[in-house]
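Asks: Quick one: the structure is below, and I'll ask about it shortly.
The values are calculated or read from the model by the stated rules, or taken from the named source; none is laboratory data. Keep in mind the model is a prediction, meaning the values are calculated, not measured. Neighbour counts are summed over all protein chains in view; Cβ atoms, including those assigned to glycine, are modelled from backbone coordinates with ideal geometry. The protein model used for the area step is the full one, side chains on, heavy atoms only, and it has no ligands, DNA or RNA in it. Shrake-Rupley method; radii C 1.70, N 1.55, O 1.52, S 1.80 Å.
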Amino acid sequence: MPVIKSAKKALRGSRRKAVFNLRRKRAMKDSIKTIDKLVSNKKKDEANSKLSTAYKAIDKAAKRGIIKKNTASRKKSRLSKSIKNI
């Protein structure tokens, strides 16, 4: 555990940020999983309607630095490709 006052403050801040980062990451993963389930059930229209929310979650995660820009691009590309191949 930190001893110095500024280190204690930094620890509190990083714990707070970790909660927000986990929330964003979970939202991203959940949206991707819902689309994957719809794709496996061959529900193209529903998957297309959920695609914009997944893009939004992925872009927000990339913007905040939770995932890298290329990772976000790859995830979006694979999602759209999977929907297209139904």
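Asks: Considering K84, K44, which residue is without any contact (Cβ under 8 Å) to a residue 12 or more places away in the chain and more than 13 Å from the chain's Cα centre (by Cα)?
Replies: K84
Asks: Sort through T53, T71 and tell me the only one that's in contact (Cβ under 8 Å) with a residue 12 or more places away in the chain and out of contact with any strand residue (DSSP E or B) (no Cβ under 6 Å at 6 or more places or on another chain).
Replies: It is T53.
Asks: Restricting the first residue to the stretch 29-41 and requiring it to be of a type in the set (S, T, N, Q), which pairs with a second residue that is open to solvent by 90 Å² or more (accessible area, probe 1.4 Å) meet a Cβ separation below 6 Å and a spacing of at least six or different chains?
Replies: T34/K50
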